[in-house]
1. Determine whether the range 139-152 contains at least one residue that is among the β-branched types (V, I, T) and free of Cβ contacts under 8 Å to residues at least 60 places away in the same chain.
2. Pick from L140, L187: which is more than 25 Å from L228 (Cα to Cα) and crowded, with 19+ Cβ neighbours inside 10 Å?
3. Please find, among R257, R274, the residue that is over 25 Å from A132 (Cα atoms) and of a type in the set (K, R).
4. In the range 248-276, what residues are open to solvent by 50 Å² or more (accessible area, probe 1.4 Å) and either modelled with pLDDT of 95 or more or in contact with a Ser or Thr (Cβ under 7 Å, 6 or more places away or on another chain) (or both)?
5. Here is a check on your reading of the model: is I235 in a loop (DSSP other than H, G, I, E, B), open to solvent by 50 Å² or more (accessible area, probe 1.4 Å) and out of contact with any strand residue (DSSP E or B) (no Cβ under 9 Å at 6 or more places or on another chain)?
6. Does any residue of the range 111-127 turn out to be under 27 Å from A46 (Cα atoms), within 12 Å of ligand 2 (Cβ to nearest atom) and open to solvent by 10 Å² or more (accessible area, probe 1.4 Å)?
7. If I filter the range 63-100 down to residues being of a type in the set (V, I, T) and open to solvent by less than 70 Å² (accessible area, probe 1.4 Å), which single residue comes out as nearest to ligand 1 (Cβ to nearest atom)?
8. Suppose we filter F103, F143, F116, F170 for residues that are within 16 Å of ligand 1 (Cβ to nearest atom) and within 30 Å of P206 (Cα to Cα); which single one remains?
Amino acid sequence: MSTTVKKLYKILTRTIFPPKCLVCKSFLNPPEGDNDGFPEAVDLSASLQIQVERLMSEYLCRDCIDGLIAVESPLCSCCGMPFESRHGLDHRCGECSTSPKNFRIARAPLIYEQVFTEVIHCYKYNGKIQLARPLGELLLMAFRLFWDKDSIDVVVPVPLHIKRLRERGFNQALLLTRYWQTITGQLPLDLSDLQVENDVLVRSIPTAPQSGLGRKQRAANIKGAFGLLDKAKIIDKRILLVDDVYTTGATVDECARLLVHHGAAHVDVLSLARAV
Ligand SMILES: [Zn+2]
Ligand SMILES: [Zn+2]
């Protein structure tokens, strides 16, 4: 389809089916400017908050976008939890000091609060699988912000148990990385050296859902739930684990324990949002 036909098609579908906010269901205002809703050139130096706005404006209304909260320093230098006090430097939180983690650092662009909880729910359970692209791009923007691209060798999405995979039809963490190469092809970004490996870890035990469990129960529930499929791919490698949400970190910590135990150089964690 030519660009003009694509634009006409988009204007027509918007007129017949005006888009609604995924969260509050209010009609979305037509985009400002005269570019017919087509994205303007991406400014990679823009703040995370501006990137969030750019990526989510097709799906959320102004009020709901304003309800998304970017994670900002000061935060825990290990698990990335933002501190209540907005003053001072990053430092290790009490939890990471008393229970050292198997991963080196964990970071997320957003706080897991009401609006974003709904967005994730739409993505994972309500068939809004098209969110994989903007959410995947948000993850990529966060990766650029928190890591030097040459500091990671292998990206490993946290696996789902085959039973859960069959129920849901997709692994939400893997899908978030699927468009990375396409996105970087359209941006002044080169991540061609970064390998996404989906066959490194396997979730061998179908654990009970972690929701509703406390920190200790989550850690006990997930212990031993993963197996390593391909040791050769992780030995001496610097690994970035990817998951959708960081709650207590029990799942990614268990994956990191296994990877480090089998010879990974170190493991870092990137998720879309983290609970506070
Ligand atoms: Zn809304
Ligand atoms: Zn911490």
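The values are calculated or read from the model by the stated rules, or taken from the named source; none is laboratory data. Fair warning: this is a prediction, and the values are worked out from it, not measured in the lab. Ideal geometry is used to build each Cβ from the backbone, glycine not excepted, and the neighbour counts take in all protein chains shown. These accessible areas exclude ligands, DNA and RNA; they are computed on the full protein's heavy atoms, side chains included. Shrake-Rupley method; radii C 1.70, N 1.55, O 1.52, S 1.80 Å.
1. Step one: filter the range 139-152 for residues among the β-branched types (V, I, T), giving 152.
Now drop any that are not free of Cβ contacts under 8 Å to residues at least 60 places away in the same chain, which leaves none.
Within the range 139-152 (the criterion being among the β-branched types (V, I, T) and free of Cβ contacts under 8 Å to residues at least 60 places away in the same chain), the answer is no, since none of the residues qualifies.
2. Numbers: L187 fails: crowded, with 19+ Cβ neighbours inside 10 Å.
Answer to the check: L140.
3. On the way: R274 fails: over 25 Å from A132 (Cα atoms).
Being over 25 Å from A132 (Cα atoms) and of a type in the set (K, R) holds for just one of R257, R274, which is R257.
4. Filtering the range 248-276 for residues open to solvent by 50 Å² or more (accessible area, probe 1.4 Å) gives 257, 260-262, 265, 276.
Across the range 248-276, the qualifying residues are R257, V260, H261, H262, A265.
5. Working: in a loop (DSSP other than H, G, I, E, B): yes; open to solvent by 50 Å² or more (accessible area, probe 1.4 Å): yes; out of contact with any strand residue (DSSP E or B) (no Cβ under 9 Å at 6 or more places or on another chain): yes.
Yes: the conditions hold for I235.
6. no
7. Residues of the range 63-100 that are of a type in the set (V, I, T), as a first pass: 65, 69, 71, 98.
Still in the running and open to solvent by less than 70 Å² (accessible area, probe 1.4 Å): 65, 71.
Details: I65: 8, V71: 21 Å.
For the range 63-100, the residue satisfying everything is I65.
8. Of the residues listed, the single one that is within 16 Å of ligand 1 (Cβ to nearest atom) and within 30 Å of P206 (Cα to Cα) is F116.
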